[in-house]
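For reference, the structure is listed below as C-alpha coordinates.
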Amino acid sequence: MTAHKLEKIFLTLSAAMLVAFLLALFYSAYGMGMHLPGREGMVVPGEVRDTPPFDSPGVHEIGPDRYEVVMVGFAWAFQPSEVRVPAGSEVTFIATTTDVIHGVHIEGTRVNFMLIPGQIARVTYTFSEPGEHLIICHEYCGAGHHLMYGTVIVEPREEG
Ligand code: CUA
(Lines give C-alpha, C1' and ligand atoms only; values in the text may rest on other atoms or scores of the structure.)
Protein backbone atom coordinates (compact mmCIF):
# COMPACT_ATOMS: atom_id res chain seq x y z
CA MET A 1 0.00 0.00 0.00
CA THR A 2 1.35 3.41 -0.83
CA ALA A 3 1.70 6.12 1.77
CA HIS A 4 -0.82 8.10 -0.18
CA LYS A 5 -3.44 5.38 0.16
CA LEU A 6 -2.81 5.05 3.90
CA GLU A 7 -3.23 8.76 4.31
CA LYS A 8 -6.56 8.57 2.56
CA ILE A 9 -7.74 5.83 4.90
CA PHE A 10 -6.66 7.81 7.98
CA LEU A 11 -8.43 10.91 6.72
CA THR A 12 -11.62 8.98 6.07
CA LEU A 13 -11.44 7.33 9.50
CA SER A 14 -10.89 10.58 11.35
CA ALA A 15 -13.71 12.26 9.42
CA ALA A 16 -16.02 9.38 10.32
CA MET A 17 -15.04 9.67 13.99
CA LEU A 18 -15.71 13.37 13.97
CA VAL A 19 -19.20 12.76 12.59
CA ALA A 20 -19.80 10.01 15.16
CA PHE A 21 -18.78 12.29 18.05
CA LEU A 22 -20.94 15.11 16.75
CA LEU A 23 -23.91 12.76 16.47
CA ALA A 24 -23.29 11.57 20.05
CA LEU A 25 -23.13 15.19 21.19
CA PHE A 26 -26.40 16.10 19.46
CA TYR A 27 -28.00 12.96 20.81
CA SER A 28 -27.06 13.77 24.41
CA ALA A 29 -27.96 17.44 24.01
CA TYR A 30 -31.35 17.00 22.38
CA GLY A 31 -32.28 13.35 22.74
CA MET A 32 -31.47 13.11 26.44
CA GLY A 33 -32.24 16.68 27.35
CA MET A 34 -28.75 17.51 28.62
CA HIS A 35 -27.73 21.11 28.29
CA LEU A 36 -25.75 23.82 29.93
CA PRO A 37 -27.65 25.86 32.47
CA GLY A 38 -29.44 28.91 31.11
CA ARG A 39 -28.63 32.47 32.09
CA GLU A 40 -30.52 32.17 35.37
CA GLY A 41 -28.32 29.18 36.23
CA MET A 42 -25.09 31.12 35.90
CA VAL A 43 -23.18 33.41 38.22
CA VAL A 44 -19.89 35.23 37.79
CA PRO A 45 -17.54 33.30 40.14
CA GLY A 46 -15.74 36.41 41.40
CA GLU A 47 -19.01 38.17 42.18
CA VAL A 48 -20.85 35.38 43.99
CA ARG A 49 -20.91 37.24 47.32
CA ASP A 50 -22.47 40.30 45.69
CA THR A 51 -25.00 38.42 43.54
CA PRO A 52 -28.45 37.62 44.92
CA PRO A 53 -29.36 35.22 46.40
CA PHE A 54 -25.76 34.44 47.39
CA ASP A 55 -25.33 37.81 49.09
CA SER A 56 -27.40 36.34 51.94
CA PRO A 57 -26.57 32.67 52.39
CA GLY A 58 -28.62 30.77 54.92
CA VAL A 59 -31.87 28.94 55.52
CA HIS A 60 -34.94 30.84 54.38
CA GLU A 61 -38.53 29.78 55.00
CA ILE A 62 -40.46 30.22 51.77
CA GLY A 63 -43.78 28.63 52.70
CA PRO A 64 -45.45 26.09 54.96
CA ASP A 65 -42.90 23.26 55.38
CA ARG A 66 -40.84 24.69 52.57
CA TYR A 67 -37.35 26.06 52.90
CA GLU A 68 -34.71 27.41 50.62
CA VAL A 69 -31.08 26.94 51.56
CA VAL A 70 -28.83 29.43 49.81
CA MET A 71 -25.42 27.83 50.10
CA VAL A 72 -21.95 29.00 49.17
CA GLY A 73 -19.11 26.51 49.03
CA PHE A 74 -15.50 27.65 49.21
CA ALA A 75 -12.17 26.23 50.28
CA TRP A 76 -12.86 24.75 52.80
CA ALA A 77 -16.32 25.22 54.16
CA PHE A 78 -20.00 25.48 53.40
CA GLN A 79 -21.94 28.55 54.36
CA PRO A 80 -24.27 27.93 56.14
CA SER A 81 -22.45 25.03 57.75
CA GLU A 82 -25.54 24.09 59.72
CA VAL A 83 -29.02 23.71 58.25
CA ARG A 84 -31.83 23.26 60.74
CA VAL A 85 -35.33 22.37 59.54
CA PRO A 86 -38.36 20.60 61.02
CA ALA A 87 -39.09 17.03 59.90
CA GLY A 88 -41.25 16.87 56.80
CA SER A 89 -39.72 19.96 55.25
CA GLU A 90 -39.17 20.24 51.55
CA VAL A 91 -35.79 21.88 51.19
CA THR A 92 -34.42 23.39 48.00
CA PHE A 93 -30.67 23.89 47.95
CA ILE A 94 -29.47 26.70 45.71
CA ALA A 95 -25.72 26.54 45.71
CA THR A 96 -22.54 27.60 44.02
CA THR A 97 -18.83 27.96 44.69
CA THR A 98 -16.62 31.02 44.92
CA ASP A 99 -13.44 29.22 43.92
CA VAL A 100 -12.84 25.66 42.74
CA ILE A 101 -15.08 22.66 42.14
CA HIS A 102 -16.59 21.21 45.30
CA GLY A 103 -19.06 18.40 45.87
CA VAL A 104 -22.13 18.20 48.07
CA HIS A 105 -23.27 14.90 49.43
CA ILE A 106 -25.80 14.75 52.23
CA GLU A 107 -25.29 11.45 54.01
CA GLY A 108 -28.29 9.19 54.28
CA THR A 109 -30.08 10.93 51.40
CA ARG A 110 -29.87 10.84 47.64
CA VAL A 111 -28.70 14.47 47.59
CA ASN A 112 -25.46 14.48 45.65
CA PHE A 113 -24.34 17.26 43.37
CA MET A 114 -21.35 19.31 42.32
CA LEU A 115 -20.54 22.95 42.81
CA ILE A 116 -18.98 24.19 39.61
CA PRO A 117 -17.52 27.69 39.33
CA GLY A 118 -19.97 29.90 37.44
CA GLN A 119 -22.90 27.55 37.77
CA ILE A 120 -25.83 27.45 40.15
CA ALA A 121 -26.95 24.06 41.40
CA ARG A 122 -30.57 23.60 42.45
CA VAL A 123 -31.68 20.42 44.23
CA THR A 124 -34.84 19.72 46.21
CA TYR A 125 -35.20 17.07 48.88
CA THR A 126 -37.80 16.32 51.54
CA PHE A 127 -36.39 15.43 54.95
CA SER A 128 -39.12 13.22 56.40
CA GLU A 129 -37.44 11.77 59.45
CA PRO A 130 -35.85 13.64 62.36
CA GLY A 131 -32.10 13.16 62.62
CA GLU A 132 -28.72 14.49 61.65
CA HIS A 133 -27.03 14.25 58.28
CA LEU A 134 -23.45 15.17 57.49
CA ILE A 135 -22.94 17.36 54.45
CA ILE A 136 -19.62 16.37 52.92
CA CYS A 137 -17.55 17.67 50.06
CA HIS A 138 -16.85 14.73 47.80
CA GLU A 139 -14.67 16.44 45.22
CA TYR A 140 -11.02 16.76 46.11
CA CYS A 141 -10.51 20.50 46.50
CA GLY A 142 -7.10 20.87 48.13
CA ALA A 143 -5.39 20.56 51.47
CA GLY A 144 -8.50 21.19 53.55
CA HIS A 145 -10.84 18.95 51.53
CA HIS A 146 -11.39 16.56 54.44
CA LEU A 147 -12.32 19.47 56.70
CA MET A 148 -15.07 20.67 54.40
CA TYR A 149 -18.34 19.53 55.86
CA GLY A 150 -21.57 20.72 57.40
CA THR A 151 -24.68 19.33 59.03
CA VAL A 152 -28.37 19.12 58.31
CA ILE A 153 -30.33 18.84 61.54
CA VAL A 154 -33.89 17.64 61.04
CA GLU A 155 -35.79 18.48 64.20
CA PRO A 156 -38.72 16.44 65.46
CA ARG A 157 -42.07 18.05 64.85
CA GLU A 158 -43.66 19.62 67.90
CA GLU A 159 -46.90 17.85 68.64
CA GLY A 160 -49.66 20.42 68.63
CU1 CUA B 1 -14.51 21.06 48.84
CU2 CUA B 1 -13.45 18.91 48.71
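Here's a check for you: in segment 112-133, which residue that is in contact with a Gly (Cβ under 8 Å, 6 or more places away or on another chain) and not in a strand (DSSP E or B) is nearest to MET148 (Cα to Cα)? Walk me through it before giving the result.
Step one: filter segment 112-133 for residues in contact with a Gly (Cβ under 8 Å, 6 or more places away or on another chain), giving 112-115, 119-120, 122, 126-128, 131, 133.
Filter once more, keeping what is not in a strand (DSSP E or B): 120, 128.
On the way: ILE120: 19, SER128: 25 Å.
Ranking the candidates gives ILE120 first.
Can you list the strands (runs of 3 or more DSSP E) lying wholly within segment 1-111 that have 1 or more residues being of a type in the set (Gly, Ala, Ser) and farther than 20 Å from HIS133 by Cα?
Filter on segment 1-111 gives 58-63.
Looking at this structure, is VAL154 surrounded by 17 or more Cβ atoms within 10 Å (Cβ to Cβ) and without any contact (Cβ under 8 Å) to a residue 40 or more places away in the chain? Even if it seems obvious, please write down each step before you answer.
On the way: surrounded by 17 or more Cβ atoms within 10 Å (Cβ to Cβ): yes; without any contact (Cβ under 8 Å) to a residue 40 or more places away in the chain: no.
No: the conditions fail for VAL154.
Taking segment 134-149 on its own, how many of its residues are more than 13 Å from the chain's Cα centre (by Cα) and assigned to a loop (DSSP other than H, G, I, E, B)?
Number satisfying all stated conditions: 6.
Conditions first: (1) touching a Phe, Trp or Tyr at 6+ places or on another chain (Cβ under 9 Å); (2) of a type in the set (A, V, I, L, M); (3) more than 15 Å from the ligand (Cβ to nearest atom). ILE135 passes all but one, so which condition is the exception?
So the condition that ILE135 fails would be (3).
Scan PRO45, PRO80 and give me the residue that is modelled with pLDDT under 95 and within 16 Å of the ligand (Cβ to nearest atom).
Numbers: PRO80 fails: modelled with pLDDT under 95.
On inspection, the qualifying residue turns out to be PRO45.
Yes or no: THR109 touching an Asp or Glu at 6+ places or on another chain (Cβ under 6 Å) and more than 13 Å from the ligand (Cβ to nearest atom)?
On the way: touching an Asp or Glu at 6+ places or on another chain (Cβ under 6 Å): no; more than 13 Å from the ligand (Cβ to nearest atom): yes.
No, not satisfied.
Give me the pairs, please: first residue somewhere in segment 117-142 and touching a residue at least 24 places away in the same chain (Cβ under 8 Å), second residue anywhere and basic (Lys, Arg) and in a loop (DSSP other than H, G, I, E, B), beta-carbon distance under 6 Å, and either six or more positions apart or on two chains.
none
Looking at segment 69-93, which of its residues are more than 14 Å from PHE127 (Cβ to Cβ) and of a type in the set (A, V, I, L, M)?
VAL70, MET71, VAL72, ALA75, ALA77
The values are calculated or read from the model by the stated rules, or taken from the named source; none is laboratory data. Please read all numbers here as calculations on a predicted model, not as lab measurements. Cβ: placed from backbone, ideal geometry, glycine included. Neighbour counts: every protein chain shown.
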